[in-house]
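The values are calculated or read from the model by the stated rules, or taken from the named source; none is laboratory data. No experiment lies behind these values; they were computed from the predicted model shown. Neighbour counts are summed over all protein chains in view; Cβ atoms, including those assigned to glycine, are modelled from backbone coordinates with ideal geometry.
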Amino acid sequence: PRVADWPMMQSPFPTLVICLSYVYVVKYLGPSLMKNREPLDIRWLMAIYNFVMVIFSFLIFYYFGIYGWFGSYSYKCQPVDYSNSPEAIGMANTCWWFYISKFIEFTDTLFFVMRKKYSQVSTLHVIHHGIMPMSVWLGLKFTPGGHSTFFAFINSFVHVLMYIYYGLAAFGPQMNKYLWWKKYMTTIQMIQFLMIFTHAFQLLFINCNYPRGFMYWIGFHAVLFWFLFAEFYKNAYKKRKDKAKELKEKQEASPVKNGYKLTNGHSYSNGYTNGCPTKNVYTNDNGYTHMPANGKEQYSNGVQHQNDVLNDNTKKDI
């Protein structure tokens, strides 16, 4: 009854329509409109948006904490407080803002479409963003507080880290040296879902005055997203590893820049161009230095070519 008259809470249909519209726009309409257009340069817009979301996500995390998870809530079993106490109303209000944030996060995908980064608009990404508003609406409608808000509490904190990363990355490649922790973001996401799964399903083994249906629903989401992110992690880093291996094989099979293939693992840094020496002195990796004479070929491993040795010895005999 406390949230029945709040915006978007009278019926699930507005939320459902917005979610379905989101899927249509990012998978069909958006790519169609961008088909004959150049990717948009919206780096500054992205940077502003991401840092606004850092602040927004942090405030949601903070208020979930002060209205429960920083002190009064139990991590083992927390029933819903349906009273009109300031803490209960504050928790419900924070849940509503968390619900609204799920719509704002659709902007993440719109930016990918506007920049024609369609590989980022993956099934994982669209499922994750597309079903979250409807799930949060159900929780806000029937259990605005209590055990299930642990999910929103942790999720908001992870989004603070995520939007810091996106905000810095929006400034371009010069920020890469500050983004060494990029590879850990997917791991952090997976740990988040493992924590949510464990926290939700512990109610299977204890008596707690909390609706079990929502526990199963939240646990199902955690398991689904964990496997989706695990698959993404495996594919992304396996692809990178395979690419590095392929590049290494190409380098080993290819001639060096000056046209001479590697001999016994050594290559010439100054080399020859079109068969002519480009410098007067050549130094091999093994430490031998030699001078090119009368257009002769370079030495290998510090030893003259066999014909040159014979010619020089013949001259000495004469």
Given the structure, is PHE51 of a type in the set (Phe, Trp, Tyr), farther than 19 Å from VAL3 by Cα and within 27 Å of the chain's Cα centre (by Cα)? yes
Name the residue that is farthest from ALA152 (Cα to Cα), counting only residues in segment 222-240 that are modelled with pLDDT of 70 or more and among the charged types (D, E, K, R). LYS234
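Name the one entry in GLU87, GLU105 that is farther than 29 Å from LEU228 by Cβ, out of contact with any Leu (no Cβ under 9 Å at 6 or more places or on another chain), among the acidic types (Asp, Glu) and in contact (Cβ under 8 Å) with a residue 12 or more places away in the chain. First the steps, then the outcome.
Working: GLU105 fails: farther than 29 Å from LEU228 by Cβ.
Of the residues listed, the single one that is farther than 29 Å from LEU228 by Cβ, out of contact with any Leu (no Cβ under 9 Å at 6 or more places or on another chain), among the acidic types (Asp, Glu) and in contact (Cβ under 8 Å) with a residue 12 or more places away in the chain is GLU87.
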Condition first: among the hydroxyl-bearing types (Ser, Thr, Tyr) and touching a Pro at 6+ places or on another chain (Cβ under 8 Å). Can you find one or more residues in segment 23-43 that meet it? no
How many of the residues in segment 109-129 are modelled with pLDDT under 95 and over 18 Å from the mean Cα position of the chain (by Cα)? 0
Qualifying positions in segment 84-108 - modelled with pLDDT of 95 or more and polar (S, T, N, Q): ASN93, THR94, SER101, THR107
Hey, which of the helices (runs of 4 or more DSSP H) in segment 1-98, taking only ones fully inside, have at least 3 residues that are more than 17 Å from PHE142 (Cα to Cα) and of a type in the set (Val, Ile, Thr)? 13-24, 43-64
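Got at least one residue in segment 151-165 being closer than 17 Å to GLY30 by Cα, in contact (Cβ under 8 Å) with a residue 60 or more places away in the chain and of a type in the set (Phe, Trp, Tyr)? Quick ask: steps written out before the conclusion?
Here is the first cut: in segment 151-165, the residues closer than 17 Å to GLY30 by Cα are none.
There is no residue in segment 151-165 that is closer than 17 Å to GLY30 by Cα, in contact (Cβ under 8 Å) with a residue 60 or more places away in the chain and of a type in the set (Phe, Trp, Tyr).
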